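The values are calculated or read from the model by the stated rules, or taken from the named source; none is laboratory data. These numbers were taken from a predicted model, which means no experiment stands behind them. Positions of Cβ are generated from backbone atoms using ideal geometry, with glycine treated the same way; all protein chains shown enter the neighbour counts. Ligands, DNA and RNA are stripped out before the accessible areas are found, and what is left, the full protein with its side chains, is counted by its heavy atoms. Shrake-Rupley method; radii C 1.70, N 1.55, O 1.52, S 1.80 Å.
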Amino acid sequence: MNARIAIVEDEPELAALVADYARAAGYTADIFGDGAAALDAVRRDPPALVVLDLMLPGLDGLSLCRALRADANPVLAGLPVVMVTARVEEIDRLLGLDAGADDYLCKPFSPRELIARIKAILRRAGSPAPVIAVDTAARRIAVHGKALDLTPTEYGILAALARRPGQVFSRAQLLDVAREGNANLDVTDRAIDSHVKNLRKKLDAALPGVDAIRSIYGLGYRFDP
């Protein structure tokens, strides 16, 4: 059976356009113009992925996404979500609020780009889990059973990224992670970039040829092994 996508969008023409591209790519598509109705339908019959507009009647996209992430049903809590918004500044705000979406797009967007992102997310969701283990008690991260030699700050950043593969983390979020347990730690945006650079080298030694930490232009980083 083809993967089914829920398109939650109150602009009928845009929703129809996205649905047409999704069907052309081999997916089935359901359209919802109201957030509350969409949440009820998704809970009854979870799709493979949700394309979610931020501004919706009935229930806004941020609240809908949070409701899914907080659901006791693990299928709903882990449901892939691509959130779209009319303003690029909203993406920064959403990242700061940790909305829990797997990806973000700003309107107007290319339907082809949206479909490409959907394919990538569903491919990750259907792939075996990466061979990386995070031991929070020991503050240790291992790849193929071998512990990485990480500083405390590197551990915090990589642990946060690895727990939510595919989710974009802003530098501000990673700054907060780096300061956990040490509020006086002097860490800047530039230092975060330096830590990520070091993490890439260590991961590349353990997983040659795997670009595990991706830079998302203007937004931050995501773990995508």
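Tabulated data
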read-out	value
Qualifying residues in the range 39-55 (those that are assigned to a loop (DSSP other than H, G, I, E, B) and of a type in the set (A, V, I, L, M, F, W, C)) - the one surrounded by the most Cβ atoms within 10 Å (Cβ to Cβ)	L54
When residues of the range 1-29 are limited to those that are exposed (fewer than 15 other Cβ atoms within 10 Å of the Cβ) and among the hydrophobic types (A, V, I, L, M, F, W, C), the one farthest from M55 (Cα to Cα)	M1
Qualifying residues in the range 95-134 (those that are closer than 21 Å to A178 by Cβ, open to solvent by less than 60 Å² (accessible area, probe 1.4 Å) and not small (G, A, S)) - the one modelled with the lowest pLDDT	L95
Pairs with Cβ under 8 Å, 6+ apart, first in the range 10-28 and over 19 Å from D60 (Cα atoms) and among the small types (G, A, S), second open to solvent by less than 30 Å² (accessible area, probe 1.4 Å) and not in a helix (DSSP H, G or I)	A19/I7; A19/A29; A22/I5; A22/I7; A22/A29
Which listed residue is assigned to a helix (DSSP H, G or I) and either within 19 Å of C106 (Cβ to Cβ) or modelled with pLDDT of 95 or more (or both), from A6, A36, A15	A15
Unmet requirement for G58, which otherwise passes all of (1) open to solvent by less than 50 Å² (accessible area, probe 1.4 Å); (2) in a loop (DSSP other than H, G, I, E, B); (3) farther than 17 Å from Q167 by Cα	(1)
Given (1) closer than 22 Å to P12 by Cα; (2) surrounded by fewer than 23 Cβ atoms within 10 Å (Cβ to Cβ); (3) not polar (S, T, N, Q), index of the condition F32 fails	(2)
